Structures are given as C-alpha cells and as structure tokens.
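The numbers here are math on the coordinates, done by the rules we state, and not lab data. Fair warning: this is a prediction, and the values are worked out from it, not measured in the lab.
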Amino acid sequence: MDLEIGGFTRATLRMFSGVVIWGAHFTAIYAFAALACARGFAQTQWLGANILVWVIGGASLIAVVAILVMLIPALRAARDSFEDWMTAAVAALALVAIVFETLPVVMVPACA
C-alpha cells in the first residue's frame, strides 16, 4: 500500500467500499419506501407484485453486484495484504446486511 495521500485515500475507500455501497442501498430503499407509502402508490401492481418489491429488488440486485465486484478480487488476493483482507471482510458483512434489509420486503406487507 502506498503511503502517499492519493494511495492512502484510494486504499481506504476500497477497504470500506462495502459500507459505502450498503449505506447507499439502505438510503435508497428506505427513502423510496417512505415516499411510496406517503404518496399512496406503494400498492401499485406490476406483473403480480407491488412496485416496492420491484424497485427494492432491483436496487438490491445492483448493490449485490457492486459488492461482488469488490469482494471477489479481494478474496482472491486476501493472503497478499491487509487491504485485501479488510476489503473482503467488510464487503462480506455489507452483503449480509443487504440481504437482511431486503428480506422484509417479501415477508411484510407494504407500508405495514
């Protein structure tokens, strides 16, 4: 890992990219759910499921793919450096968090 300012910033952002992706996902799905419930379009059906399931499912899919883009290379190189190990660990925890915040969408009625 480079000790220059740009290298340090890049390494830090890479290590905590999982948390950043999770935070963006969390904010997006809860903001959309709040807006959909407040404006009354949460029960809109499309292809047999309400709009919340589609939007949150799509956002979750995008977040999982983004996490995997960071996780897979870090896992392959995890023995090489602390940066790779930390990137893999944080990305894996973020992946679990994304799954746990997406599951209630299919388990709980919208706007309950």
(message) Please compute the length gained on full extension between Tyr30 and Val96, using 0.36 nm multiplied by the number of residues separating them and subtracting their Cα-Cα distance.
(response) 22.0 nm
(request) For n ≥ 4 DSSP H runs only, could you compute -39500 (n - 2.57) per run for the chain, divide by its residues and tell me the 222 nm figure to the nearest 500? (result) -26500 deg cm²/dmol
(request) Mind pulling the angle between the C-alpha long axis of helix 82-107 and the longest principal axis of the chain? Nearest 10 degrees, somewhere in 0 to 90. (result) 10
(request) Work out how much length Phe8 to Met107 would gain on full extension: take 0.36 nm times their residue separation and subtract the Cα-Cα distance, in nm to one decimal. (result) 31.4 nm
